[in-house]
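The values are calculated or read from the model by the stated rules, or taken from the named source; none is laboratory data. Just so we're clear, the structure is a prediction, and the values are computed from it rather than from any experiment. For neighbour counting, all protein chains shown are included, and Cβ atoms are generated from backbone atoms with ideal geometry for every residue, glycine included. Accessible surface is based on the protein model in full, side chains and every heavy atom, while ligands, DNA and RNA are left aside. Shrake-Rupley method; radii C 1.70, N 1.55, O 1.52, S 1.80 Å.
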Amino acid sequence: MARADTLPIERLPRAALLRLLAVLSLVLAPHLPRLPGWAAALVIVILLWRTAAALRGWPMLPGWMRVLLTIAAFAGIYLSFGRVSGQTAGVALITVMAALKLTELRTRRDMMVMVFLLYFLLITHFLFSQELWTAAYLLVSATLITALLIDANHPGGVLPLRVGGAMAGGMVLRALPLMVLIFVLFPRIPGPIWGLPADAGAARSGLSDSMSPGEISNLIGSEEIAFRVRFTGPVPPARERYWRGPSFLRFDGRKWDSGLRPLDLEAPMAELRGPAYRYEVTLEPTRTPWLFALDLPARVALPDDAVINADHQLVLNKGEVRERRLYRLQSHPDYRLQAELPTPLRTLALALPKTANPRSVALARQWRSETGSDAAIVERALRMFREQDFHYTLQPPVLGRNPVDAFLFDTRRGFCEHYASSFAVLMRAAGIPARIVTGYQGGEKNAIGDYWIVRQSDAHAWTEIWLAGRGWLRVDPTAAVAPERVEQGIGSALASAELPAFLNPALRNGFRFNLKARWDWVNARWNHWVLGYGPELQAEFLRRFGIGDWSDMILALTVLLTLALTVFGLLLLRRSAVSRVDDPPLRAWRRLQARLAKAGLPQHENEGPADYAQRVAIARPDLADAVRTAAAQYIEARYTASDSSADPNALRAAIARVKP
């Protein structure tokens, strides 16, 4: 193929331009919702204008107008994002500039620039999504861009769609085996090789780094998947499937937050007892450092870049979860955590605002005066939730200045965060250290695959209290009010009128439900074997074939790539030989070559048909018209015309007229 810097300066055929506009629209379409409104409108207007200009023959915009549009677009991106670099701002800038390039698109050289820009734009989609449908869309788009590349390098008019598409599809299909080889065998290096922009990855989703009334209940309407879990061996019962996330010590009367940095204190000692559950988590991007684990995670076989912090939460050493992540853990639901409580932590776990929620504080202190045992106070609080008129609902009334007092004594209607918060306040007021833990509870088994799906709708909050000799204990006051929430899931604990459609048990069957389960299974396999194919999974997979270290991987990759390229080369040579035998224009041209060679005018190896005809015309002016006509017919028949439009009789007649 010709290089961009050697292409002749010739106007672009209208058919090629329209195809370019169609493919550009396809590539830019997923980015449009991510652009500011004005930028998306500008891109659409330019695409429509350039299409109309191609169809009606309108002139291009003057140079000064293009310069003003470019400066205005650059300034607009900067004002909209506060910068022009990074994931969102950078992609927005290149999208708008690609559209502005259309305002000066006239020649094949311009088309080559746009083709390479399209390849780059295509890659940027992976910054926002790595789903299976995205990969399929990009594969189709890459094939169409390759067809444009073939058109840009084809002399004369554009190829028929069927011919260009077949050629591009063949090139992409031949590249797929090489792509798979490199993907499987190229060594995965732990940690990133290069840095991504600060805003790379998905937007923050899921749990927050604080908790106040209404925050968790807002997640219940989300069908978005938080993570998938595959157990190796037995699966814990529903009442033990608490997935530990951030915990909160500081309370300002309404909102809970951490109160200290996660690594300010050393991780507490945990005595793990009973059976261990081993499992693999595929976590969706969250833009937080949290890795969710079944309560309580063991320190064995932790991810290399993760630690257990002072709240016994699994977190990344640094950075955030910006892309889908796979990790393996071991957990023990039976444990004793931090048998000795440090004084600074005890102080934090007992602190309450001095004037907030006075009725709740007075009730707890009354219990303390009437009951000497901490365990008895805990049971008294749970009995109050269980026996009095409390309701578990997604639509609690608005709480006032003292939300715990209003909930316990007035409304008595709330979601998990209301029960966890009020229980923790009661415990602290009674002199029992307490904290809030948020995470997820439960999960549903995929009907097709052997794994569990934990959604944002499974978000949950519970309380941990510290008792002498027993350490931190999980107490879930929600289970006292709505035990079915823990045993059967959120869909069984709420009234049908409050449930989103995807949680309604009556709708969780039939064709549509089974189809969604199958599609999720396909996505889970994609996530595991493609997006989760990191150093650990690669080493585990290749060990099955006797490939144990990097040197073995490089050797296997080199040998297999050499074999693959050799096979492709032999196939191309065989195809070229066959095509020469079955190529009528080439056979006719060979006859002319032989005829002229006998007259002392052989064609040189580095000489094309047009140059050869020109040399013959100079040497034999009497043959000038005939040989130029024959060369033009040969080029038309062999390189420009399609199979259906080629006229072999015209070429044969032109060659017959050359009589040296």
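A few points about this structure:
- Qualifying residues in segment 540-562 (those that are out of contact with any Gly (no Cβ under 8 Å at 6 or more places or on another chain) and buried (at least 16 other Cβ atoms within 10 Å of the Cβ)) - the one farthest from residue 324 (Cα to Cα): 560
Rundown of residues vs (1) at pLDDT below 90; (2) open to solvent by less than 30 Å² (accessible area, probe 1.4 Å), yes/no style:
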| residue | (1), (2) |
| --- | --- |
| 232 | no, no |
| 241 | no, yes |
| 244 | no, yes |
| 258 | yes, no |
| 263 | yes, no |
| 275 | yes, no |
| 291 | no, yes |
| 299 | yes, no |
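- Subset of segment 34-50 [of a type in the set (Lys, Arg) and within 11 Å of residue 100 (Cβ to Cβ)]: 50
- Here residue 181 passes the criteria (1) surrounded by 15 or more Cβ atoms within 10 Å (Cβ to Cβ); (2) more than 30 Å from residue 559 (Cβ to Cβ); (3) modelled with pLDDT of 85 or more except the one numbered (2).
- Wholly enclosed strands (runs of 3 or more DSSP E) of segment 414-471 bearing at least 2 residues farther than 26 Å from residue 271 by Cα and either open to solvent by less than 10 Å² (accessible area, probe 1.4 Å) or touching a residue at least 12 places away in the same chain (Cβ under 8 Å) (or both): 452-455
- Any hit, segment 358-378, residues being β-branched (Val, Ile, Thr), on the phi < 0 side of the Ramachandran plot, part of a loop (DSSP other than H, G, I, E, B) and surrounded by 13 or more Cβ atoms within 10 Å (Cβ to Cβ): yes
- Boolean, residue 389 is part of a loop (DSSP other than H, G, I, E, B) and not aromatic (Phe, Trp, Tyr): yes
Listed here are the residues, each with its yes/no results for (1) without any contact (Cβ under 8 Å) to a residue 24 or more places away in the chain; (2) farther than 26 Å from residue 122 by Cα; (3) touching a His at 6+ places or on another chain (Cβ under 7 Å).
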| position | (1), (2), (3) |
| --- | --- |
| 54 | no, no, no |
| 60 | no, yes, no |
| 69 | no, no, no |
| 72 | yes, no, no |
| 83 | yes, no, no |
| 96 | no, no, no |
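- Only one of the numbered conditions (1) at pLDDT 85 or above; (2) among the polar types (S, T, N, Q); (3) under 18 Å from residue 443 (Cβ atoms) is violated by residue 492, and that is (1).
- Among the residues of segment 101-160, those identified as open to solvent by 10 Å² or more (accessible area, probe 1.4 Å) and part of a loop (DSSP other than H, G, I, E, B) are 106, 128, 129, 130, 131, 154, 155, 156, 157, 158, 159, 160.
- Tally of residues being more than 26 Å from residue 283 (Cβ to Cβ) and not in a helix (DSSP H, G or I) across segment 517-570: 5
- Inter-residue pairs, beta-carbon under 7 Å, first closer than 30 Å to residue 87 by Cβ and in contact (Cβ under 8 Å) with a residue 60 or more places away in the chain and in segment 298-323, second polar (S, T, N, Q) and open to solvent by 70 Å² or more (accessible area, probe 1.4 Å), 6+ apart: 305/317
- Contacts under 6 angstrom Cβ, first residue in segment 514-532 being touching a residue at least 60 places away in the same chain (Cβ under 8 Å), partner among the polar types (S, T, N, Q) and assigned to a helix (DSSP H, G or I), 6 or more apart: none
- Some residue of segment 395-413 being at pLDDT below 95, open to solvent by less than 10 Å² (accessible area, probe 1.4 Å), outside any loop (DSSP other than H, G, I, E, B) and acidic (Asp, Glu): yes
- Residue in segment 199-211 that is open to solvent by 30 Å² or more (accessible area, probe 1.4 Å), modelled with pLDDT under 90 and either of a type in the set (Ser, Thr, Tyr) or part of a strand (DSSP E or B) (or both) present: yes
- Only one of the listed residues (322, 346) is modelled with pLDDT of 90 or more and either open to solvent by 10 Å² or more (accessible area, probe 1.4 Å) or within 23 Å of residue 249 (Cβ to Cβ) (or both). That residue is 346.
- Among all residues of segment 636-657, there is none that is touching a helix residue (DSSP H, G or I) at 6+ places or on another chain (Cβ under 9 Å), open to solvent by 60 Å² or more (accessible area, probe 1.4 Å), at pLDDT 90 or above and over 30 Å from residue 162 (Cα atoms).
- Taking (1) part of a helix (DSSP H, G or I); (2) at pLDDT 90 or above; (3) open to solvent by 30 Å² or more (accessible area, probe 1.4 Å) in turn, residue 330 satisfies each apart from (1).
- Number of residues in segment 58-100 that are assigned to a loop (DSSP other than H, G, I, E, B) and open to solvent by 40 Å² or more (accessible area, probe 1.4 Å): the value is 7.
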